[in-house]
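Notes for the one structure printed next.
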Amino acid sequence: MSWIWPEYVNRELPLTKQERKAILRDAWKLWFANKWNILLYLALPALYLLTVFFASDVGGRLAALVGAGGLINKLFRAGAPVVLFVICFVVGGAVLQRYRFAPCVYRATRRHGYDVCAKCGYWLRGLNDDIKRCPECGCARRLAEGAPANSG
């Protein structure tokens, strides 16, 4: 199921199942604390509802552009709302998940004392204190809250 909902808690971290659940619970609290996340998430169905009324017209125009008629025209008109649904919810949800929820998981992991990158979640264990950037993404390195530099 990781292809539907990726596990943003680094698998290499020595965590028990309960610790992973606690990190995810804290991440959800962080996510809900930011009102923009809720607003963006609620914008997906609003966007769909605002545009679904025009989707069959767009499908009909596409069918006319292709030069199709009859059954193909009906399929284009019926398929346009489905394509719009996929764009709004699947793609939109994946983007929100990656760019709005994943940083909350990384912050929650850092709050639990693990030195992970705040941007990509890479475990920075064993790196010297003089290394100021994440080796994975190049983000500026900050120490985890309440943890020594080489936790793990």
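The values are calculated or read from the model by the stated rules, or taken from the named source; none is laboratory data. Keep in mind that what you see is a predicted model, and the values were worked out from it rather than measured. Note: ideal-geometry Cβ built from the backbone for every residue, glycine included; neighbour counts use all protein chains shown.
Can you find a residue in the stretch 105-114 that is free of Cβ contacts under 8 Å to residues at least 24 places away in the same chain, surrounded by 17 or more Cβ atoms within 10 Å (Cβ to Cβ) and either under 18 Å from L30 (Cβ atoms) or in contact with a strand residue (DSSP E or B) (Cβ under 6 Å, 6 or more places away or on another chain) (or both)? Scanning the stretch 105-114, I find no residue that is free of Cβ contacts under 8 Å to residues at least 24 places away in the same chain, surrounded by 17 or more Cβ atoms within 10 Å (Cβ to Cβ) and either under 18 Å from L30 (Cβ atoms) or in contact with a strand residue (DSSP E or B) (Cβ under 6 Å, 6 or more places away or on another chain) (or both), so the answer is no. Put simply, of K35, K29 the only residue that is in the same structural domain as C88 (by TED's automatic domain parsing), under 20 Å from G121 (Cα atoms) and not β-branched (V, I, T) is K29.
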